[in-house]
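K.L.:
Pasting a structure here, questions to come.
Any read-out appearing in this document is the output of simple, stated calculations on the displayed coordinates, not a laboratory observation. It should be emphasised that the depicted structure is a prediction, and the values quoted were computed from it without experimental measurement. Note: ideal-geometry Cβ built from the backbone for every residue, glycine included; neighbour counts use all protein chains shown.
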Amino acid sequence: MIRMENVTKSFGQKHVLRGLNLEIPRGTSMVIIGGSGTGKSVALKCVLGLIQPDSGKILVDGADARGGDRDAFLARFGMLFQGGALFDSLTVWQNVAFRLLRGSLKRPVAEAREIAVEKLRRVGLTPDVADLFPAELSGGMQKRVGLARAIAAEPEIIFFDEPTTGLDPIMSGVINDLIREIVVEMGATAMTITHDMSSVRAIADNVAMLHDGVIQWTGPVAEMDASGDPYLDQFIHGRAEGPIEAVR
Amino acid sequence: MSLLSPLGWLGRSVLLLLAATGRITLFSLRAFSHIFRPPYYPREVFNALMQIGWLSLPVVGMTALFTGGALALQIYSGGSRFNAEAVVPQIVAIGMVRELGPVMAGLMIAARVTSSIAAEIATMKVTEQIDALVTLSTNPMKYLVAPRVLAALLTVPVLVGVGDIVGIAGGYTVAVQSLGFNPAAYLQNTVDFLEPLDIVSSLAKGAAFGVIAAMMGCYFGMASGRGAMGVGRATKDSVETAAVLILAANFALTGVFFSL
């Protein structure tokens with residue numbers, strides 16, 4: 001379980017997180033929604049330690065996310081970045097098997113490659129893609145490779161940062177379905193940030209709406225449409241009028 | 001108020017300079033500490049050795065060749081004003097080995113390697129590849145910075161050594177082909193005049209300049225701002241800072257070796 005308690009984070013005069021409280025039960029898929037610049041990515045990066053919160057607690061299975069063995073902590077996570085964040089200088093299979101080629105999860109090269117090719121197949125890519133470089137792939141294929149890399153070491157917790165941004169609706173649907181299938185299949189805890197409502201409906205067990213540095217509403221995805229929360233309602237229907245200022 | 005504002009500007013500039021010096025010093029100490037602590041990434045070190053050392057050979061060699069040739073012509077021309085044309089071999093040798101070889105190689109490395117490292121790491125930062133490294137349990141200081149600094153420390157002295165030899169060869173070619181020097185006498189004068197300390201100082205300068213060049217590329221790359229402008233600025237700042245620091249270090253090291 002991931003628990004964030006009163007997490008705050010400011011960048012200079014800009015207060016991004018103002019006491020964020022969020023709980024993601026083990027084995028569930030939480031999707032955080034909210035407008036651009038509301039701190040969704042910051043919240044996610046705080047959990048991973050990529051950004052240090054100013055105050056508050058972040059607990060993963062009861063243990064402080066900032067303490068203990070960092071390598072072991074990160075080995076529990078997989079992450080799909082918004083732009084893929086594939087390493088240009090490495091081939092696709094080396095990207096996917098990155099964690100398996102070095103560090104505590106190191107395997108023999110042949111075995112790592114085999115796992116990489118299997119993960120590529122799992123996300124719908126053929127083995128001939130394995131020896132290409134990321135620059136030779138389309139945006140959708142890069143997202144799939146990023147997804148394969150995120151699941152290569154069978155993590156317990158997977159984070160997805162804007163998984164469908166920049167993709168056409170059909171490819172977005174494919175990625176959403178893949179994410180849902182993989183999360184269910186692996187029994188992983190998932191945290192996704194997005195403002196794509198089709199992703200929310202496809203991926204989420206639970207939804208949290210982040211606005212003004214705090215969670216405005218959270219609950220099961222089935223209750224989202226009848227929440228009665230004016231912030232959530234405005235966001236999911238994409239209305240310019242409402243409590244959320246259209247110009248931020 | 002108007003009288004105080006220049007002082008305020010000066011004070012702010014000094015504080016910013018001191019803060020930047022502190023950040024670069026801490027970054028450099030961390031980078032060095034990661035060179036000696038596991039895990040090690042031999043493949044990354046090998047790639048950096050190739051990029052910084054092997055692939056810089058042509059540009060360093062060509063620079064040294066032309067510099068040595070021009071130096072021979074200048075010394076001959078200047079020396080002829082007081083009947084000292086015969087000192088061409090000695091001055092080319094000492095000029096190349098003590099000063100021009102290391103400085104020219106250092107500046108060419110700053111242009112070629114510092115810019116490339118800064119642009120590459122800054123782009124990795126902008127595209128979240130540095131964050132991806134962290135989430136994949138890989139310390140960017142160990143994976144990106146330490147191999148490049150180590151490779152520069154090892155290869156730039158070799159490049160400087162090669163540059164010294166090529167520069168002397170350039171001077172020799174011009175002197176023998178155009179200025180009528182005796183080939184054997186030219187080489188004998190060169191060998192007789194150079195001292196071991198000249199070569200040691202040249203290689204030591206090479207090591208220092210290599211570390212400066214790689215470190216500045218890595219520092220400004222890691223500290224890059226967002227977007228294309230951030231990458232461009234990181235690249236520009238890295239080359240400017242590396243070039244100035246190389247020239248300052250050259251002055252300081254020359255002083256040190258001068259006093260020996």
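K.L.:
Whole-Hz ³J(HN,Hα) for each residue in region A:58-70, computed from phi via Karplus 6.51 cos²θ - 1.76 cosθ + 1.60 with θ = phi - 60°, x for glycine and proline: what do you get?
P.N.:
Working through the residues one at a time gives 10, 10, 10, 6, x, 9, 4, 5, 8, x, x, 6, 5 Hz.
K.L.:
Distance between the C-alpha centers of region B:48-62 and region A:150-181? Whole Å please.
P.N.:
Between the Cα centre of region B:48-62 and that of region A:150-181, the gap is 42 Å.
K.L.:
Checking understanding here: applying a Kyte-Doolittle mean of at least -1.0 and a length along the axis of at least 15 Å (C-alpha), which whole DSSP H helices in chain A pass?
P.N.:
Membrane-span-like by this criterion, though nothing is claimed about a membrane: A:109-122, A:139-151, A:169-186.
K.L.:
I'd like the Karplus ³J(HN,Hα) series for region A:192-206: coefficients 6.51, -1.76, 1.60, θ = phi - 60°, whole numbers in Hz, and an x wherever there's a Gly or Pro.
P.N.:
Running phi through 6.51 cos²θ - 1.76 cosθ + 1.60 with θ = phi - 60° gives 10, 10, 7, 10, 9, 5, 5, 5, 4, 5, 7, 9, 7, 8, 10 Hz.
K.L.:
Search the structure for amide H atoms under 5 Å from the amide H of A:Leu20, placed 1.01 Å from N in the peptide plane, and list their residues when 5 or more places away or on another chain.
P.N.:
Placed amide hydrogens put A:Asn6, A:Val7, A:Thr8 under 5 Å from A:Leu20.
K.L.:
If each residue of separation counts as 0.36 nm, what is the full-extension length gain between A:Glu181 and A:Met197 once their alpha-carbon separation is subtracted?
P.N.:
Gain on extension, A:Glu181 to A:Met197, equals 4.0 nm.
K.L.:
In debye, nearest 20, what is the charge dipole magnitude of chain A about its Cα centre with +1 on Lys and Arg Cβ and -1 on Asp and Glu Cβ, if you could check?
P.N.:
660
K.L.:
For a footprinting-style exposure proxy, rank B:Val244, A:Val117 by other Cβ within 10 Å, fewest first.
P.N.:
Ascending Cβ contact count within 10 Å gives the list B:Val244, A:Val117.
K.L.:
From the cross-link list A:Lys57/B:Lys236; A:Lys106/A:Lys143; A:Lys143/B:Lys142; A:Lys45/B:Lys142; A:Lys14/A:Lys57; A:Lys119/B:Lys125, which pairs have alpha carbons spaced over 29 Å apart?
P.N.:
In this structure, A:Lys57/B:Lys236 exceed 29 Å between Cα atoms.
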